[in-house]
Amino acid sequence: KESSAASDVYKRQVYEAQRKVILEIAENDSCVIIGRNADYILKDRTDVINIFIHADMPEKVKRICRLYNVTETEAVAMTADIDKRRMTNYRYYTDQKWGMARNYTLTLNSSQLGYDMCEKIIMECAQQ
């Protein structure tokens, strides 16, 4: 139990350090921050576009197979594990559900739109 408590303290310290860096970068520069609960950390800023890009499971599995040279079964397990970790992390630090549209300015399904169209939409929004 002590190591679990120590681990929680360490995780909280890492999160707090990341939060401070994200706030500092956003204050000083135009930037793109992927993950790290940045949507939540920057939620009170008016100069931020929070984007959630998601994909259908078959597309995610194909991409993982291609990127990591693993079998379809391994890719399914990896995808489930990654998504579970993201959900757990997001809920722990934000007390909200990961991937909920209301937490973002824009949500895009890359399986339906494709990466090029997602990029065009994001760039168009950023220029507004």
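In summary, Y68 fulfils each of the numbered conditions (1) open to solvent by 50 Å² or more (accessible area, probe 1.4 Å); (2) under 28 Å from R19 (Cβ atoms); (3) aromatic (F, W, Y) with the single exception of condition (2). Determine if the range 29-52 includes at least one residue that is open to solvent by 60 Å² or more (accessible area, probe 1.4 Å), of a type in the set (K, R) and at positive phi. Yes, the range 29-52 has at least one match.
Being open to solvent by 70 Å² or more (accessible area, probe 1.4 Å), touching a residue at least 24 places away in the same chain (Cβ under 8 Å) and within 18 Å of I41 (Cβ to Cβ): is that true of T94 here? Considered against the rule, which asks whether it is open to solvent by 70 Å² or more (accessible area, probe 1.4 Å), touching a residue at least 24 places away in the same chain (Cβ under 8 Å) and within 18 Å of I41 (Cβ to Cβ), T94 comes out as no. Only one of the numbered conditions (1) more than 22 Å from L106 (Cβ to Cβ); (2) open to solvent by 70 Å² or more (accessible area, probe 1.4 Å); (3) hydroxyl-bearing (S, T, Y) is violated by S4, and that is (2).
So which residues in the range 97-107 are farther than 15 Å from I34 by Cα and open to solvent by less than 70 Å² (accessible area, probe 1.4 Å), if there are any at all? Once the filter is applied, which keeps residues that are farther than 15 Å from I34 by Cα and open to solvent by less than 70 Å² (accessible area, probe 1.4 Å), the range 97-107 yields M100, A101.
The values are calculated or read from the model by the stated rules, or taken from the named source; none is laboratory data. Owing to the predicted nature of the structure, the values given are computational and were not obtained by experimental measurement. Positions of Cβ are generated from backbone atoms using ideal geometry, with glycine treated the same way; all protein chains shown enter the neighbour counts. Remember, those area values only see protein heavy atoms, side chains included, never the ligands or the DNA or RNA. Shrake-Rupley method; radii C 1.70, N 1.55, O 1.52, S 1.80 Å.
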